[in-house]
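The values are calculated or read from the model by the stated rules, or taken from the named source; none is laboratory data. The model shown is predicted, which means the values in this text are computed figures rather than measured ones. In this analysis, Cβ positions are derived from the backbone assuming ideal geometry, glycine residues included, and neighbour counts consider all displayed protein chains. SASA here: full protein model, heavy atoms, side chains in, ligands and nucleic acids out. Shrake-Rupley method; radii C 1.70, N 1.55, O 1.52, S 1.80 Å.
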Amino acid sequence: AGIGAYTAGAVASIAFGPLAGVFIVFLIAALVLSIQTTVLGSARTIYQASKDRWTFGYFRWTSKDGVPLKAMGTDIAFNIFLMLLGNPIAILAASTIGYLSFHMINTLAGYIFDKHHSRVAEASYFEPRGPTYFAPKTLIRLGIVWTVVNFVLIFVGSPSWGWSRLALGWAIVLVGIP
């Protein structure tokens, strides 16, 4: 028990009195539950991307209860690796590059699909899940503008992160390409 534990205990006892220990347990439980929620959400996203064949088939496996355990394990291992880099900015930079590239590719795909497919011919097409959705052209164009703005902001802000963090983000994106 170091100075941090002593300070936390002192602050908790001042704020909560004799119930300080109970509140500390509740706060730790809340922290664990928030971590679990984050891991479950991202693992389910990785699983769905694998099911849609956007990433490796390895993540498609689920337990008998439908839990994507391989995606969860890989997600946890990868997040631990990023935390071991010693700087939370590494996690932020890597995830920002990943999200930016994902949105950029999706917006570009929507624009190309819209440009090369007739809306009239496709309007009568129904998938087994239901009708196909077509985003309005203005929304696609606005998405392209904001993607470019975000892309510029990433490179303007990169010197504050360090170029190695930017390179790490792009390396992670490239590793994810099947």
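A few points about this structure:
- Cβ separations smaller than 9 Å between residues 6+ apart or across chains give the following pairs from the stretch 75-89 residues that are in contact (Cβ under 8 Å) with a residue 60 or more places away in the chain to residues that are in a helix (DSSP H, G or I) and open to solvent by 70 Å² or more (accessible area, probe 1.4 Å): 89/160.
- Some residue of the stretch 28-37 being open to solvent by less than 60 Å² (accessible area, probe 1.4 Å) and assigned to a loop (DSSP other than H, G, I, E, B): no
- Of residues in the stretch 43-62 being of a type in the set (Val, Ile, Thr) and within 17 Å of the chain's Cα centre (by Cα), the one least open to solvent (accessible area, probe 1.4 Å): 55
- Selection status of residue 96, touching a residue at least 60 places away in the same chain (Cβ under 8 Å), in a helix (DSSP H, G or I) and surrounded by 10 or more Cβ atoms within 10 Å (Cβ to Cβ): yes
- A single member of 17, 73 is of a type outside the set (A, V, I, L, M, F, W, C), on the phi < 0 side of the Ramachandran plot and open to solvent by less than 100 Å² (accessible area, probe 1.4 Å), and it is 73.
- Hey, residue 66 out of contact with any Lys or Arg (no Cβ under 9 Å at 6 or more places or on another chain), at pLDDT 85 or above and in a loop (DSSP other than H, G, I, E, B) or not: yes
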